[in-house]
1. Filter the stretch B:139-150 down to the residues that are within 14 Å of chain A (Cβ to nearest Cβ) and either closer than 14 Å to residue B:329 by Cβ or buried (at least 23 other Cβ atoms within 10 Å of the Cβ) (or both) and list them by number.
2. Of B:136, B:155, which residue is crowded, with 24+ Cβ neighbours inside 10 Å and in contact with a Ser or Thr (Cβ under 6 Å, 6 or more places away or on another chain)?
3. Identify, please: which residue in the stretch B:73-101 is over 22 Å from the mean Cα position of the chain (by Cα) and surrounded by fewer than 24 Cβ atoms within 10 Å (Cβ to Cβ) and is, among those, nearest to residue B:383 (Cα to Cα)?
4. Is it true that residue B:179 is aliphatic (A, V, I, L, M), surrounded by 21 or more Cβ atoms within 10 Å (Cβ to Cβ), at the interface with chain A (Cβ under 10 Å from one of its Cβ atoms) and touching a helix residue (DSSP H, G or I) at 6+ places or on another chain (Cβ under 6 Å)?
5. Based on what the data block shows, is residue B:15 closer than 20 Å to residue B:362 by Cβ and either at pLDDT 85 or above or within 27 Å of the chain's Cα centre (by Cα) (or both)?
6. Taking the residues in the stretch B:430-470 that are charged (D, E, K, R) and within 24 Å of residue B:329 (Cβ to Cβ) as candidates, determine which candidate is farthest from the other protein chains (Cβ to nearest Cβ).
7. What is the residue count in the stretch A:112-141 for residues that are under 16 Å from residue A:187 (Cβ atoms), within 8 Å of chain B (Cβ to nearest Cβ) and surrounded by fewer than 24 Cβ atoms within 10 Å (Cβ to Cβ)?
Amino acid sequence: MEKVEMRKKDFITSFILIAFGIFMILYTIVEIPMKDSWGGVMNVWFVSPGLFPVWIGGLIIIMGIILCHRAIKDGGAKKFFEDLSHQKKDSSGKTLRFLGILLVIVAYVYLYIPRIDYFLSTVLCLMVFISLFYLDRPGFLKRLFTFYLAGCLLFLIVFLVGIDKQLNERFLYFMDLLVFLFFLAYFTYCRILIGGDGVLKKKLRTTLIMSIVPSLVLIPSFKYFLLVPLPVEGGFIELMNIIRYALR
Amino acid sequence: MFILERILDFYVTVLSIAFNLENILLLFGSVILGIIFGAMPGLTATLGVGLLTTLTYGISTNAAMITLLGMYVGAVYGGSYGSICVNIPGTAAAAATAMDGYPLACKGEAGRALGLTTTSSFIGTMIGMFFLAVFAPIISTLALQFTSFEFFLLAFFGIMISGGLTGQDLAYKGWISGLIGLFLAIIGRDRLQFFPRFTFGISELDGGLEVVPVLIGAFGIPQIIQVIKDQLSVGEAKKFQRVLPELKIISKHVTTIVRSALIGVGIGAVPGIGEDIAAWVSYGAAKKASKHPENFGKGEYAGVISCETGNNACIGGAIIPLLTLGIPGSPPAVMLLGALMIHNVTPGPMISIEHPHFITEMTAILCLASFAMFISGIFLAKQVVKVLRIPPPIFMPVVLTLCVIGSYALGTKVFNLYLMVPVGILAYFMQSMGYPIAPLVIGVILGPMADENLRRALMVSQGSFLPFFTRPVALILLFIIVWMFVSQMTFYKRFTAWLKCKIFKRKPAEDMGVR
């Protein structure tokens, strides 16, 4: 059964590969000169920068066709059309776990790192990522995921509309403060969900420590020892600078 | 005299590195970190070397190589801790060790098993180092004869063989993975005419994709997703007292050690395959050669010794093509290549001319790293095993932050992170559908080499493909590539089956006149 399921996926990906190969060849033919002059240099086909992409595109198409043939032969195509008519729901919870991981990574890299103090972004990411999967109780993942997703969507709207720039003009670290409040709200929500459970209280304490301590070790190491300028040096990193220069 | 000179040079280099306190601290620090990385499931030698590459960009090349090789050796060995103590291999290279290592631990011999893996890994690394010292200069000299024709075919051969041998499902999935890697490699302005290819007007893509963030994304993100999504949980580790070298048992398995080391070096020298295949092939060979194969899987010492010797000998083997041809022999060697490029060392045939002492230095560092690994393993095993208690939902998020800052720090570009995430997600989906990742990264690394050399070769021959058939090495490589491709086709398999049938039909007794 597993093999047939794999071949079903292969059937789908073979078409994606063939389409991608065709795209590569068409793009190369349209955009990259195979002959004529470029930059004052007379081009011939065997020197053209389009030669390699055309060749790779052609090979991808061939591989896609071979994969498609194998998928059809092993029953993948049949399974695909059968499953189209009977849509199955994933009840294992793995999809939610995957979406949770994806949300944390995407929000961290695309939403927070380019705009918010790097230390705060990292602490928030660690807090959410660890709590989602370490506080392992039924229903927790879904609730925490929904809470975090709602917060991220709110911040996304703020950033897209440009309100963050206006707010930062009034007070330099306004957005850092907002995200910090969101972090506190998330922590409070976790605390409420846990209630009086002693084991989970201990786990939440560990989560908080593991959110802050690695960030306190890594970020100063990169900033002060390796002299790496961080993506956004906001309020918390400014505080680190003050402490560091006061101790010197 | 020349050989004596080389040996003397080697010992002088070893002593000059060993008598520098900073080097020793770096060496032991990176080896212990490597053992921890290798021990923890989900962290791999490749990821460890990749993350450490970022940290070493500001230090000297020598110090960087000490750190990275220390991490590499430590991580390959460290995988055995998880295999033996909790039956969860820390790295793919140690998966075979679990077959006999865990049963030994269940019998109360966890300490003995760890002693065997420590000593076997040490011997394996030393044998790999020996082959590196002997063969690298020879291959480097031979490679000076290669022209663009051979280099193009070598690059393509590397991708083909890596794809063919690492694919768990179909061989052509590995080739597809390699072709996707080649596509990623051509993004940016081409090196000969500086024409933008697949940049879509994004200026940040003009320089192409940065290798280290792509590699970190391809190896780190899928691991993080897989470990957390599959709720990998590590059980209670088997307890043990002391770890001893177990030289008595080792001395009874000399044949196994030599066989496994030769297999490890051989497999390491083949581009992109790596330590896990070396370990399994060594294990399989040891089982076949054993007088009691039925004992394998129940705590057979030869099982543990063969895997660890093979996977550690692979390290030296993987560095041979890396230094002499610029083609990495294993995924961690791919990361090493990235590190070498950052430090302006271009591996390839010219390395013995541009950096004449480099191969000797690498050999010396590998020798010292194996001693550091042996000492750390014997004395620190009990402490390192404690890291296995850290639940994956705690350490995998920390690994994510390491991947992010590691990818960012090299070029201090947030764009690198924007690239790392989609590459990582793509790699995850590819892995889940049976596409191996090693050929993808080999493709990313060898893509520029293949592209430039193809066009250079055709420039020389004025568009003629004839030299591919008239140059002996090129013809052999071409033949192997075509054979590898054709051997996966159904018609070829039918043809060989028919041929075997025909051959066997000629051997029956009536044909020989015997009844």
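1. B:149
2. None of the other options fit; the residue is B:136.
3. That would be B:86.
4. Considered against the rule, which asks whether it is aliphatic (A, V, I, L, M), surrounded by 21 or more Cβ atoms within 10 Å (Cβ to Cβ), at the interface with chain A (Cβ under 10 Å from one of its Cβ atoms) and touching a helix residue (DSSP H, G or I) at 6+ places or on another chain (Cβ under 6 Å), residue B:179 comes out as yes.
5. Taking the combined requirement at face value, the residue satisfies it.
6. Only one residue tops the list, namely B:452.
7. Matching residues across the stretch A:112-141 total 2.
Each row is one residue, and each column tells you yes or no for (1) closer than 30 Å to residue A:166 by Cβ; (2) under 23 Å from the mean Cα position of the chain (by Cα); (3) in a helix (DSSP H, G or I).
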residue: A:82; (1), (2), (3): no, no, yes
residue: A:97; (1), (2), (3): no, yes, yes
residue: A:101; (1), (2), (3): no, yes, yes
residue: A:105; (1), (2), (3): yes, yes, yes
residue: A:114; (1), (2), (3): yes, yes, no
residue: A:122; (1), (2), (3): yes, yes, yes
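The values are calculated or read from the model by the stated rules, or taken from the named source; none is laboratory data. On a predicted model such as this, the values are computed, not experimentally measured, just so you know. Neighbour counts are summed over all protein chains in view; Cβ atoms, including those assigned to glycine, are modelled from backbone coordinates with ideal geometry.
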